[in-house]
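Engineer: This is the structure I have questions about; it appears just below.
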Amino acid sequence: MALFDRVIPPGGEGKIILKVDTKGFEGNVTKAARVYTNDLQNRIIWIGIKAFVKVPILVSPGLVFFSCFAEDTVEKVVTIRAGHDMPLSLKPISFPLSDKVEYRIETIEEGRLFRVVFTNKSGASGWYNGLLKFETNYPEKPAITIRVIGQIRTRNRVPQGKSR
């Protein structure tokens, strides 16, 4: 949202106030806005905002995407970092894709830093989509989710002795 002085006299000053709703953002955030003027040398001026949105729990990335062949084994890693001094605990509460994807939680720094390692299971081709949900001990962020999407393909195999 932007609030600004609509008319600024020649040689005068004006104010532009930019407000950014940071809900849903975490970590480094950059936003930009165009300012249109009647100054022939500077018709458009870009202004920007850079910020670091501190969240109680930083999940990076928040999405895991598998795009591979059914017989391939692929690993994806998500990092979960505590944003407060209070130690973080994670308790898995649901994961509907256990027939497609395995996961394990590795503690890197007790109560502070975790890695969730996802590995696709060999098997049928197709699409899948689901959430790994964790319960946490942080009152302001009692649950976190990691979306897992897969696009698993089969290889086009040519029978021996035949050509395309």
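Coordinate-derived values only; no laboratory data. Predicted, not measured: the structure shown is a model, and the values here were computed from it. With ideal geometry, Cβ positions are generated from the backbone for all residues, glycine too; neighbour counts draw on all protein chains shown.
Engineer: Given that compact globular proteins tend to follow 2.2 N^0.38 Å, what is the ratio of the alpha-carbon Rg of the range 30-101 to that value?
Structural biologist: Cα Rg divided by the expected 2.2 N^0.38 Å: 1.94.
Engineer: Note the listed values (1) 15.1, 51; (2) 24.1, 82; (3) 16.1, 47, then indicate which one is Rg and Dmax of the Cα atoms in Å calculated from this particular structure.
Structural biologist: From the options (1) 15.1, 51; (2) 24.1, 82; (3) 16.1, 47, the structure gives (2).
Engineer: Using unit Cβ charges (K, R positive; D, E negative) and no other charged atoms, how large, in debye to the nearest 20, is the dipole of the range 2-53 about its Cα centre?
Structural biologist: Roughly 100 debye for the range 2-53.
Engineer: Let's see if you can work this out: charge +1 on each Lys and Arg Cβ, -1 on each Asp and Glu Cβ, no other charges. What is the dipole magnitude of the chain about its Cα centre, in debye to the nearest 20?
Structural biologist: 680
Engineer: Moving to a separate point now. Positive end of the charge dipole of the range 57-153 (Lys, Arg +1 and Asp, Glu -1 on Cβ, about the Cα centre): tell me which of ILE57, GLN151, ILE108 has its Cα farthest that way.
Structural biologist: Checking the options against the dipole of the range 57-153, the answer is GLN151.
Engineer: Find out how many positive minus negative residues lie around GLY83, taking Lys and Arg as positive, Asp and Glu as negative, among other residues whose Cβ is under 12 Å from that of GLY83.
Structural biologist: Every neighbour counted, the sum reads +1.
Engineer: What is the total of Lys pairs in the chain with C-alpha atoms under 18 Å apart, excluding same-chain pairs fewer than 8 positions apart?
Structural biologist: Final tally of qualifying lysine pairs is 19.
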